[in-house]
1. Does Ile36 count as at pLDDT 95 or above, β-branched (Val, Ile, Thr) and in a strand (DSSP E or B)?
2. Quick one: in region 6-24, of everything that is of a type in the set (Ser, Thr, Tyr) and modelled with pLDDT under 90, which residue is most open to solvent (accessible area, probe 1.4 Å)?
3. Could you run through region 57-92 and say how many residues are touching a helix residue (DSSP H, G or I) at 6+ places or on another chain (Cβ under 7 Å) and under 24 Å from Ser24 (Cβ atoms)?
4. Applying the selection to region 80-92, what residues are open to solvent by less than 70 Å² (accessible area, probe 1.4 Å) and either under 17 Å from Val46 (Cβ atoms) or under 14 Å from the mean Cα position of the chain (by Cα) (or both)?
5. Go through region 39-55 and give me each residue that's in a loop (DSSP other than H, G, I, E, B) and open to solvent by less than 70 Å² (accessible area, probe 1.4 Å).
6. Taking the residues in region 93-106 that are in contact (Cβ under 8 Å) with a residue 12 or more places away in the chain and either out of contact with any helix residue (DSSP H, G or I) (no Cβ under 9 Å at 6 or more places or on another chain) or assigned to a loop (DSSP other than H, G, I, E, B) (or both) as candidates, determine which candidate is nearest to Ile80 (Cα to Cα).
Amino acid sequence: MCRIWAPTTAAVGGDDLLAAPAGSTAFTFLESYIPIAANDSGDCVVIDTRSGDEMGCVVEFIGEDTDQGLMRWPSLADMIEDVADALDSNNPCRGWVPAVENGYLAWDLP
């Protein structure tokens with residue numbers, strides 16, 4: 001991901017983006033993002049490990065919208081709690097409906 005997004009990263013601020021606080025929109029994929037989930041389209045959910053008050057926040061990374069998605073949590077624990085609650089109640093979670101399919105978490109639009 002870092003190699004694929006390298007030209008964009010250089011164009012929008014390069015290393016300065018790594019110094020920006022966690023949770024701030026980078027408009028590119030950063031080496032400080034740790035992917036924890038992905039789909040077949042290359043979209044993923046990442047943990048932002050940059051420093052700052054929001055260090056460890058979970059951010060949705062969609063190729064067309066980069067890191068501006070609606071799915072954001074203060075921490076991995078908060079994300080897991082929200083997803084578990086949505087699975088239990090069959091309600092949307094940040095606009096998406098989670099479901100377990102073949103042992104994997106899948107997301108659908110309501």
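1. no
2. Here the residue is Thr8.
3. Total meeting the criteria: 2.
4. Asp82, Val83
5. Passing the criteria: Gly42, Asp43, Thr49, Arg50, Gly52.
6. Among residues in region 93-106 that are in contact (Cβ under 8 Å) with a residue 12 or more places away in the chain and either out of contact with any helix residue (DSSP H, G or I) (no Cβ under 9 Å at 6 or more places or on another chain) or assigned to a loop (DSSP other than H, G, I, E, B) (or both), the one nearest to Ile80 (Cα to Cα) is Arg94.
The values are calculated or read from the model by the stated rules, or taken from the named source; none is laboratory data. All values derive from a computational prediction rather than experimental measurement. Please note: Cβ atoms are built from the backbone with ideal geometry, for glycine as well, and neighbour counts cover all protein chains shown. Each accessible area value is taken on the protein alone, full model and side chains, heavy atoms only, with ligands, DNA and RNA left out. Shrake-Rupley method; radii C 1.70, N 1.55, O 1.52, S 1.80 Å.
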